[in-house]
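Below is the structure I would like to discuss, written out as structure tokens.
The values are calculated or read from the model by the stated rules, or taken from the named source; none is laboratory data. Since the model is a prediction, treat every value here as computed from it, not as a measurement. Virtual Cβ from ideal backbone geometry, glycine too; neighbours counted across all protein chains shown. Quick note on the areas: whole protein, heavy atoms, side chains included, nothing else; ligands and nucleic acids left out. Shrake-Rupley method; radii C 1.70, N 1.55, O 1.52, S 1.80 Å.
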Amino acid sequence: MLTRNNAAFTARFARSREINISVIGRKSGRTISNPVWFVLDEDKLYLLPVQGSDTQWYKNVLKNPSMRFEAGGAEAEVRAVPVNDATQVKSVIEKFRDKYGANEVKKYYSKFDAAVIAQIP
């Protein structure tokens, strides 16, 4: 596992528009991977589920908050913190709009009631 203590990790994530996340299936117990958009802000990584709280990987995180992130060969294992407080979710939405553009966020995201925040080790 690579962690943020080397500059390569941060650089690889910072250059990426998309990362792969791996979560543990809440029913199957298997590792499930998905490509997602993200925002890296200092030592925190923000995720916005495309279908909000109806997103399958988000439901899996509610049951098991262990996640793995991968981008450009850099990996991190983290403990995800699901967020459903409207003010915090709005803050994450704004970070996504800043990075990807308001129109792109509006095009791909259908429900804005949940987010995930992870502290990068």
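Roughly how many percent of the accessible protein surface of the stretch 11-94 is carbon and sulfur, given a 1.4 Å probe and a whole-percent answer? Let's see the in-between values first.
Working: 1960 of 4470 Å².
Percent of accessible area from carbon and sulfur atoms in the stretch 11-94: 44.
Using r as the Cβ-Cβ distance of residue 91 and residue 20, and R0 as 22 Å, what FRET efficiency do you calculate, to the nearest 0.05?
Step by step, r from the Cβ atoms, then E = 0.35.
Could you give the C-alpha radius of gyration of the stretch 12-66 expressed as a fraction of 2.2 N^0.38 Å, taking N as the number of residues it contains?
Compared with the compact-globule rule of thumb, the stretch 12-66 sits at 1.16.
So, one more: Which number do you get for Rg(Cα) / (2.2 N^0.38 Å) in the chain?
Values: Rg = 13.5 Å, N = 121, 2.2 N^0.38 = 13.6 Å.
Compactness ratio reported: 0.99.
Please give the per residue accessible area of the chain, computed with a probe of 1.4 Å over protein heavy atoms only, in Å².
On the way: 6680 Å² over 121 residues.
For the chain, the solvent-accessible area averages 55 Å² per residue.
Below 15 Å Cα-Cα, how many Lys pairs turn up in the stretch 1-108? Only count pairs eight or more apart in sequence, or on different chains, if you could.
Taking the Cα cut-off of 15 Å, the pair count is 8.
Please give the contour-minus-distance gain from residue 30 to residue 43: 0.36 nm per residue of separation, less the Cα-Cα distance, rounded to one decimal in nm. Write out the running numbers ahead of the final one.
Numbers: separation 13, 0.36 × 13 = 4.68 nm, distance 2.79 nm.
Value of the extension gain: 1.9 nm.
Let me ask something else about it. Let me have the 222 nm mean residue ellipticity of the chain computed from DSSP H runs of 4+ only, each contributing -39500 (n - 2.57), with the sum over all residues rounded to the nearest 500.
Helix-only estimate at 222 nm: -9500 deg cm²/dmol.
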